[in-house]
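> Have a look at this one.
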Ligand code: BG6
């Protein structure tokens, strides 16, 4: 199926001189231009607090794109697509909390034209910007012109703040105009989750508590907190990754089949799953989670300072850089199947993966043979990143006169078949914003359900004077994380075991 070119639109970026704009938004726009999915009727109006004119922003982007090395980042290099887009970029300087800038924007956007406002700004500005846009009539849609607002994470810092932000925004614009981003949904492998399930009878038919023992969802990172201390100390691993990125993965794994691929049908099913997450009491939350913070130590040949000694982190910080938790999805399909989640910084490998472990076979026929002792359960490993792909672990008979079993894996690697390295992960999100497809964006009720499920953990830890458990940089997290899963008789999937085939 060939995708249609997006309609004419002005993308107004608040925070145009920031990192997100140059690293992801503009490179994604270049890719969309190159592929023809956006045409010459698209323009970008950058809004920022720095002094400057149109050429100022264009030159800044030139410099950034020019620095990118050819090769791995070829997709973001300058070329004809950039030359064409460049001439359609303009810039306005202004204070996002004052009326003047909105008057100036209104001067560039006649009523009846299409516009998408992208809030690449600190979260404290989300509410005020939407209100000012509405005050100046900029969010008023007509039959011929849409007005949409794209909002980056974090959307709230707990349940109450997320509810308040939703209420504030929805007071002025309709849900159909709000595009709440979670950049994980821009990843091909995440979008593939629904296809893997719903286009494959042999997967979906087994997708329930009759056959699945448990699910593990991991987002491990090697990067440490680095220069993001101020943000991170106030946020922590739980808020930063769980109610958003990890829950999006969980929702796609656990949702019921939608009755169409219509955005609302899909968002209904995803929201239902998030609402079915068991809301623990704070005591239960404490018993079903561990938090960790890395100590000082070597990581990739560099001496990493302890999290608490990092710039902008309070020395008595109780913020976690690692979290592991056991969650339950209270639906008929998932009753009794634990979902173990973990995420952390400064770990042994960058590895975002979903591991589905199936129940063991009733191995009566192998009784009293060697086999019973080593018959592993089937596993489906969905490698979200890096080395994107899927691997199905099954047992086969090892050749020979005796019945002996050998686990083998059937592997699919994206890199063997497709080239997905040349995209930023923002292309489909921006394209969908332009064509008005909200499938990959979060709805208010889904966001709030996610926060509701993590709120007991936030409450339990806020009252707990203990500091997070320690872990060494370059490890799999604190020992207590192993304890959490071992008490159920299970083990974490080893990190960094990717699908790499030996290179010839
Ligand atoms: C961001 C978090 O939302 O996601 C970061 O704020 C994290 O702390 C990042 O590093 C991970 O995204 P990705 O795409 O690199 O896995």
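The values are calculated or read from the model by the stated rules, or taken from the named source; none is laboratory data. None of the values given here were measured: they were computed from a predicted structure. Note that each Cβ is placed from the backbone with ideal geometry, even for glycine, and that neighbours are counted across all protein chains shown.
> Of these, 54, 79, which one is surrounded by fewer than 17 Cβ atoms within 10 Å (Cβ to Cβ), over 28 Å from the mean Cα position of the chain (by Cα) and at pLDDT below 95?
79
> Here's something else I'd like to know. Is it the case that segment 231-248 has a residue that's assigned by TED's automatic domain parsing to the domain that holds residue 472 and not in a helix (DSSP H, G or I)?
Step one: filter segment 231-248 for residues assigned by TED's automatic domain parsing to the domain that holds residue 472, giving 231-248.
Adding the requirement that they be not in a helix (DSSP H, G or I) leaves none.
No, segment 231-248 has no match at all.
> Let me ask something else. In segment 110-138, what residues are touching a residue at least 24 places away in the same chain (Cβ under 8 Å) and either more than 32 Å from the chain's Cα centre (by Cα) or over 24 Å from residue 28 (Cβ atoms) (or both)?
Going through segment 110-138, the residues touching a residue at least 24 places away in the same chain (Cβ under 8 Å) turn out to be 111-121, 123, 125-138.
Answer for segment 110-138, where residues must be touching a residue at least 24 places away in the same chain (Cβ under 8 Å) and either more than 32 Å from the chain's Cα centre (by Cα) or over 24 Å from residue 28 (Cβ atoms) (or both): 111, 112, 127, 128, 131, 132, 134, 135, 136, 137.
> A further question follows. Restricting the search to segment 259-295, which residues are free of Cβ contacts under 8 Å to residues at least 24 places away in the same chain and in contact with a helix residue (DSSP H, G or I) (Cβ under 7 Å, 6 or more places away or on another chain)?
Within segment 259-295, just 259 meets the criteria.
> Using the structure shown, decide if residue 302 is modelled with pLDDT under 95 and either farther than 24 Å from residue 441 by Cα or outside the structural domain of residue 215 (by TED's automatic domain parsing) (or both).
Yes: the conditions hold for residue 302.
> Those residues that are within 23 Å of residue 28 (Cα to Cα) and touching a helix residue (DSSP H, G or I) at 6+ places or on another chain (Cβ under 6 Å), I need them from segment 438-468; list them, please.
Selection gives 438, 439, 440.
> So, one more: Among (1) at pLDDT below 95; (2) within 30 Å of residue 488 (Cα to Cα); (3) not in a helix (DSSP H, G or I), where does residue 227 come up short?
The number of the failed condition is (2).
> Looking at segment 370-386, which of the residues that are modelled with pLDDT under 90 and surrounded by 15 or more Cβ atoms within 10 Å (Cβ to Cβ) is farthest from the chain's Cα centre (by Cα)?
Step by step, filter segment 370-386, then rank; the result is 371.
> Taking the criterion of being surrounded by 17 or more Cβ atoms within 10 Å (Cβ to Cβ), closer than 22 Å to residue 437 by Cβ and at pLDDT 95 or above, would at least one residue in segment 13-20 satisfy it?
Yes: segment 13-20 contains one or more residues that are surrounded by 17 or more Cβ atoms within 10 Å (Cβ to Cβ), closer than 22 Å to residue 437 by Cβ and at pLDDT 95 or above.
> Six or more apart or on different chains, Cβ atoms under 6 Å: show the pairs whose first residue is in segment 478-493 and at pLDDT 95 or above and whose second is surrounded by 15 or more Cβ atoms within 10 Å (Cβ to Cβ) and in a helix (DSSP H, G or I).
Taking only residues 6 or more apart or on different chains, the pairs are 492/485.
> How about segment 288-359: which strands (runs of 3 or more DSSP E) wholly inside it have at least 3 residues that are within 16 Å of the ligand (Cβ to nearest atom)?
289-294, 338-344, 351-358
> Looking for whichever is assigned by TED's automatic domain parsing to the domain that holds residue 304 and within 12 Å of the ligand (Cβ to nearest atom) here; the options are 224, 213. Which one fits?
224
> Please tell me if residue 186 is within 13 Å of the ligand (Cβ to nearest atom), at pLDDT below 95 and either under 18 Å from the mean Cα position of the chain (by Cα) or crowded, with 21+ Cβ neighbours inside 10 Å (or both).
yes
> Go through (1) surrounded by fewer than 20 Cβ atoms within 10 Å (Cβ to Cβ); (2) at pLDDT 95 or above; (3) touching a helix residue (DSSP H, G or I) at 6+ places or on another chain (Cβ under 9 Å) one by one and return the number of the condition residue 119 breaks.
Unmet condition: (1).
> Might you check whether a residue that is buried (at least 21 other Cβ atoms within 10 Å of the Cβ) and farther than 21 Å from residue 468 by Cβ occurs anywhere in segment 310-319?
no
> Still on this structure, I have one more. Sort out which residues of segment 154-165 are surrounded by 16 or more Cβ atoms within 10 Å (Cβ to Cβ) and away from the ligand (no atom under 16 Å from the Cβ), and write them in order of number.
158, 159, 163, 165
> Any idea which of 180, 148, 168, 172 is modelled with pLDDT of 95 or more, within 30 Å of residue 19 (Cα to Cα) and either within 16 Å of the ligand (Cβ to nearest atom) or assigned by TED's automatic domain parsing to the domain that holds residue 258 (or both)?
It is 180.
> I'm trying to understand the selection: among the residues of segment 10-48, which are assigned to a loop (DSSP other than H, G, I, E, B) and on the phi < 0 side of the Ramachandran plot?
So in segment 10-48, the residues assigned to a loop (DSSP other than H, G, I, E, B) come out as 15-18, 35-41.
Those that are assigned to a loop (DSSP other than H, G, I, E, B) and on the phi < 0 side of the Ramachandran plot: 16, 17, 18, 35, 37, 38, 39, 40, 41.
> Would you check which residues across segment 388-400 are outside any strand (DSSP E or B) and surrounded by fewer than 17 Cβ atoms within 10 Å (Cβ to Cβ) and list them?
Matches in segment 388-400: 398, 399, 400.
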